Each structure stands twice: as C-alpha cells, then as structure tokens.
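Asker: Have a look at this one.
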Amino acid sequence: MAKIVIVGGGAAGMMAAISASQNSKNEVFLLERNGELGRKIKLTGGGRCNLTNAREIDDFFEKVVTNKRFLYSSFDAFSNKDLLEFFDRIGLKYKIEKDNDFKVYTENDRAEELIDSLNKELLKRDVKILYNKKVVDLEINMFPKEEILSKKDKIGEVKGVILDNGDRIDCDKLVLTTGGRSFSSTGSDGNMYKILKKYGHKILPPIPALVPLKIEESWIMNMQGISLKDVEISCKIKKKKLKQNGDIIFTHFGISGPAVLILSSYINKTLENENVELSIDFLPNSTREDISEAIREFPNRNVITNLKGILPQNFLKAIAQQAGVYEMKVNELPKKLENKIISLIKEMKLTSTSTLGIEPAIVTSGGVSVKDINSTTMESKKIKNLHVAGEILDVDAETGGYNLQIAFSTGFAAGKSEF
C-alpha cells in the first residue's frame with residue numbers, strides 16, 4: 001500500500017485527497033494546520049462560495065490571467081462539467097446564475113455546504129485527516145551529483161514532511177496545496193515558498209491579485225461609499241490598452257468593486273514599480289453629446305438636478321464640487337465648465353499608486369514557477385514524487401469561480417497521478 005500525504009485542507013487539497021483515494025491501494029493522509037478544513041473557502045464569493053463557472057471550459061482560458069497554457073491538461077482531465085457531476089454524486093446542491101455570468105453557487109449561498117460535503121466524502125473514502133499539523137520542512141533524499149542527469153535533472157526524491165513540533169511523517173508521494181499569501185489568518189502564510197525554493201524550485205514573487213486599488217487623488221474621499229454599476233475602467237500598460245466593465249465602489253483608500261478587482265490582476269505587476277493612470281467612464285453607453293443635451297435640457301434648473309435621473313445624486317454632488325459648479329444653474333454654466341463635468345463623467349482620470357496589499361487580496365499572483373511543474377501530473381521537475389497544486393502555483397484568474405476551478409482541477413490531477 002502506498003502512503004499519500006497531502007498538505008493543506010483547502011479546495012485543492014481536499015480534491016487531491018479525494019482523487020488519490022480513488023485508488024484503493026493508496027493510504028491517504030490530509031494534513032491541515034488549522035482545526036478545520038476549508039477556512040479560506042468560507043471567504044469566496046463574499047461567503048456565498050462561487051464554486052465554479054458554468055460556461056464552456058474553452059471560455060475559461062480567456063479568464064486566466066497568468067499561465068493559461070499550463071492549465072490545458074488539468075482542465076481537460078477535470079473540467080467544470082466534471083466538477084458539477086462530482087457535486088451531483090456527493091449530493092451537494094448548487095445553482096447556476098445565468099444572469100450573473102453563469103457563476104455557480106451553493107444552493108443556500110453558504111460556503112459551509114461545500115466544505116461539509118467534501119468533508120463527508122473524505123471520511124467516506126477513509127482519508128485520514130490530521131488537524132493542527134504545520135509543516136516546516138520536507139524530508140528529501142538528495143541524489144548524488146553524478147545521478148542527477150540520468151534522472152532527468154531531478155535532484156532528489158521526497159520521503160516525508162517535518163512538523164513544527166519535530167515530528168516526521170513519512171510518505172511515498174507528497175502533494176503540497178498550501179495556498180498563496182493572502183488572508184494569512186487562514187493559514188496560507190507563504191512559508192512553503194521558502195521551503196520549495198530551498199529544494200531548487202523557482203519562486204515568482206507573490207503579489208496581490210483581485211485586490212482593491214489605492215488612489216492618489218484625495219478629492220475622491222468625498223465619494224466614499226458611493227457605488228456605480230456598469231462603468232468602464234481602462235488604462236494603458238506598455239502601450240496596450242486594458243479595459244474592464246462592471247461595478248465600482250469608492251472607498252476611504254481608493255476604489256474597489258468587481259471591475260476594479262479584475263483590472264488589478266492585469267496591472268499589479270506594473271504597480272509594483274510605478275503608478276498607473278486610470279480612466280473611468282461612468283456612462284459608457286452615452287456620448288459626450290448625450291450628456292451635454294441632458295445638462296442643457298432645462299436651463300433654469302441646477303446642473304445636478306438635470307443629471308439626477310442618469311447618475312446617483314451623491315456622485316453628482318461630488319462631481320459638481322470638483323468642477324466648481326455645485327450651486328450653479330444651467331443658464332449660468334459656461335461651456336468650459338460643462339466640458340469639465342462631462343470629462344469627469346466620461347473620462348475621470350485617477351492615479352493608482354498601489355494595490356491595497358497582499359493580505360486582503362482574493363488570490364495571490366506569483367508563486368511556484370510552472371516551468372518547474374509537469375502540467376499533466378503536477379509533479380515537480382526537481383523532486384521526484386513531490387506534487388504541487390492550487391494557489392501556491394504561479395497561476396491566477398479573474399473573478400467568477402475560475403480560481404476555485406483551478407484549485408479543483410490541479411488538485412484532482414495531483415492526487416490522481418501515479419508514481
């Protein structure tokens with residue numbers, strides 16, 4: 001009987017354990033540093049748990065931000081359709097919100113439903129779950145230098161893990177699914193990056209993805225708490241225009257909301273070194289001429305009053321204050337100030353100085369280089385019988401259930417692969 005050890009009880013880890021247990025010859029152990037499984041899953045989808053997305057699997061690649069080609073094999077082996085069929089088999093009820101980008105949620109919008117279902121399946125499959133086990137190092141049998149080339153450049157073979165209390169757990173195969181660096185309170189503190197780097201793996205600097213943005217302009221503090229739907233936010237990175245449509249909310253530090261989170265994943269690397277100028281169109285379906293006509297429609301009214309039915313009043317007040325026309329009537333409005341109002345609505349320029357940081361990021365970009373990992377089996381190209389899956393890899397995607405699908409697919413591949 002082969003002893004399989006999985007480290008990390010999140011989505012990737014639980015799926016890896018379930019996948020590995022399909023072979024009755026395997027004895028599967030799942031090590032979790034917390035006292036419960038799936039702590040970070042509880043945060044997904046604002047607690048609603050966006051399980052995956054019901055779009056065609058080919059559409060997923062358009063939503064992957066980093067290293068999409070690496071996912072071809074794992075998505076093919078365990079697609080979103082396979083995942084939903086698996087949920088059907090284990091009795092997890094879910095719903096597909098077709099009017100919400102085909103996002104898939106648990107029936108009652110509770111992440112605990114997913115965690116409980118996976119936990120029951122693990123126990124049903126006799127997976128041994130060991131809680132409060134923190135891995136601080138790996139037990140690696142290093143090959144002599146003269147043998148390395150003959151073993152396809154692998155420098156060693158995994159033999160077990162070492163815990164923080166000094167205990168050692170042996171294994172024939174090890175799967176690491178310890179997550180990234182965001183939400184460290186859930187247990188994903190990035191410590192495994194250091195360990196894998198020590199054993200020859202290249203680690204791309206972990207940076208925040210799907211994260212709010214800090215804004216330099218202090219005047220937008222007047223719009224704190226204001227949210228707007230279906231705006232268009234854009235910028236240029238290395239002469240390439242990036243554009244994202246969706247909802248946005250102004251905060252005490254800058255901007256957030258779905259459109260901002262997605263855009264952040266495409267500009268996060270640039271923000272590590274320089275500021276990024278953003279342009280926001282709050283009425284992408286209206287021309288400047290449309291807005292001008294709305295402003296001038298009733299000359300004796302206040303400027304804000306004429307735009308009241310088009311944009312939220314609190315937003316209009318902030319815009320009017322910035323343009324210097326707060327108490328001005330339309331018949332007193334010079335063309336120059338009208339153009340300023342329209343520009344603030346159609347192309348508000350804001351300077352993003354940074355993201356809000358790694359801790360509140362929904363996912364981590366960076367991590368273990370996919371060049372060091374076999375995309376079919378998730379096995380390390382450096383260490384024999386060591387597999388890596390989930391957010392610890394340098395792979396990330398937009399919001400919409402895509403990141404959880406990556407975790408499930410790569411976890412399934414890592415657990416299933418023979419050795």
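Asker: Suppose the filter is within 30 Å of HIS201 (Cα to Cα) and at pLDDT 95 or above; does LEU344 pass it?
Answerer: no
Asker: Determine which single condition THR377 fails, assuming it passes every other condition in (1) among the polar types (S, T, N, Q); (2) more than 23 Å from the chain's Cα centre (by Cα); (3) in a loop (DSSP other than H, G, I, E, B).
Answerer: Of (1) among the polar types (S, T, N, Q); (2) more than 23 Å from the chain's Cα centre (by Cα); (3) in a loop (DSSP other than H, G, I, E, B), only one is false for THR377: (2).
Asker: Still on this structure, I have one more. Take the range 120-134 and flag every residue that is part of a helix (DSSP H, G or I) and either open to solvent by 80 Å² or more (accessible area, probe 1.4 Å) or at positive phi (or both).
Answerer: Residues satisfying the conditions are LYS120, LEU123, LYS124.
Asker: When the residues of the range 204-229 are filtered to those that are in contact with a Gly (Cβ under 7 Å, 6 or more places away or on another chain) and open to solvent by 40 Å² or more (accessible area, probe 1.4 Å), which remaining residue is farthest from GLY257 (Cα to Cα)?
Answerer: Selected residue: LEU204.
Asker: To continue, here is another question. Restricting attention to the range 95-119, which residues are touching a residue at least 40 places away in the same chain (Cβ under 8 Å), part of a helix (DSSP H, G or I) and either under 28 Å from LYS25 (Cβ atoms) or not charged (D, E, K, R) (or both)?
Answerer: Correct list: ALA111, LEU114, ILE115, LEU118, ASN119.
Asker: Same structure, new question: Filter the range 295-312 for residues that are modelled with pLDDT of 90 or more, surrounded by fewer than 20 Cβ atoms within 10 Å (Cβ to Cβ) and assigned to a helix (DSSP H, G or I) and give the result.
Answerer: ARG296
Here's the yes/no breakdown for (1) open to solvent by less than 20 Å² (accessible area, probe 1.4 Å); (2) assigned to a loop (DSSP other than H, G, I, E, B); (3) of a type outside the set (Gly, Ala, Ser):
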| site | (1), (2), (3) |
| --- | --- |
| LYS236 | no, no, yes |
| LYS241 | no, no, yes |
| GLY246 | yes, no, no |
| HIS252 | no, yes, yes |
| LEU263 | yes, no, yes |
| TYR266 | no, no, yes |
| THR270 | no, no, yes |
| GLU277 | no, no, yes |
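Asker: Another question about this same structure. Looking at the structure I just gave you, is ASN403 of a type outside the set (A, V, I, L, M, F, W, C) and modelled with pLDDT of 95 or more?
Answerer: Taking the combined requirement at face value, the residue satisfies it.
Asker: Quick check on SER380: is it touching a residue at least 12 places away in the same chain (Cβ under 8 Å), small (Gly, Ala, Ser) and more than 30 Å from ILE248 (Cβ to Cβ)?
Answerer: Spelling it out, SER380 is indeed touching a residue at least 12 places away in the same chain (Cβ under 8 Å), small (Gly, Ala, Ser) and more than 30 Å from ILE248 (Cβ to Cβ).
Asker: Quick one: in the range 56-88, which of the residues that are among the aromatic types (Phe, Trp, Tyr) and in a helix (DSSP H, G or I) is surrounded by the most Cβ atoms within 10 Å (Cβ to Cβ)?
Answerer: It comes out as PHE60.
Asker: Additional query: When you go through (1) within 20 Å of LYS40 (Cβ to Cβ); (2) free of Cβ contacts under 8 Å to residues at least 60 places away in the same chain; (3) surrounded by fewer than 19 Cβ atoms within 10 Å (Cβ to Cβ) one by one for LEU92, which number turns out not to apply?
Answerer: (3)
Asker: Right, another one. Looking at (1) more than 18 Å from SER19 (Cβ to Cβ); (2) touching a strand residue (DSSP E or B) at 6+ places or on another chain (Cβ under 9 Å); (3) in contact (Cβ under 8 Å) with a residue 12 or more places away in the chain; (4) not aliphatic (A, V, I, L, M), which one does PHE87 not meet, given that it meets all the others?
Answerer: With respect to (1) more than 18 Å from SER19 (Cβ to Cβ); (2) touching a strand residue (DSSP E or B) at 6+ places or on another chain (Cβ under 9 Å); (3) in contact (Cβ under 8 Å) with a residue 12 or more places away in the chain; (4) not aliphatic (A, V, I, L, M), PHE87 is out only on (1).
Asker: So, ILE207, is that one more than 21 Å from ASN285 (Cβ to Cβ), in a strand (DSSP E or B), in contact (Cβ under 8 Å) with a residue 24 or more places away in the chain and of a type in the set (Val, Ile, Thr) or not?
Answerer: Here the answer is yes, as ILE207 does meet what is asked.
Asker: Ok, one more. Go through the range 313-333 and give me each residue that's part of a helix (DSSP H, G or I) and closer than 18 Å to GLU297 by Cα.
Answerer: Listed by number, the residues that qualify are GLN313, LEU316, ALA320, VAL330, ASN331, GLU332.
Asker: Go through the range 326-337 and give me each residue that's more than 41 Å from the chain's Cα centre (by Cα) and either open to solvent by 80 Å² or more (accessible area, probe 1.4 Å) or modelled with pLDDT under 90 (or both).
Answerer: Selection gives GLU327, MET328, LYS329, VAL330, ASN331, GLU332, LYS335, LYS336.
Asker: Hey, another quick one. Going through the range 1-55 one residue at a time, which ones are part of a helix (DSSP H, G or I), of a type outside the set (A, V, I, L, M, F, W, C) and either buried (at least 20 other Cβ atoms within 10 Å of the Cβ) or at pLDDT 95 or above (or both)?
Answerer: Within the range 1-55, GLY13, SER19, THR44, GLY45 qualify.
Asker: Still on this structure: Quick test of your reading of the structure: LEU386 fulfils all but one of (1) closer than 30 Å to VAL7 by Cβ; (2) in contact with a Phe, Trp or Tyr (Cβ under 7 Å, 6 or more places away or on another chain). Name the failing condition by number.
Answerer: In the conditions (1) closer than 30 Å to VAL7 by Cβ; (2) in contact with a Phe, Trp or Tyr (Cβ under 7 Å, 6 or more places away or on another chain), LEU386 misses (2) alone.
The values are calculated or read from the model by the stated rules, or taken from the named source; none is laboratory data. The structure presented is a predicted model; accordingly, all values stated were derived computationally and were not measured. Cβ atoms come from the backbone with ideal geometry, glycine included; neighbour counts cover every protein chain shown. In case anyone asks, the SASA skips ligands and DNA or RNA and just uses the protein heavy atoms, side chains included. Shrake-Rupley method; radii C 1.70, N 1.55, O 1.52, S 1.80 Å.
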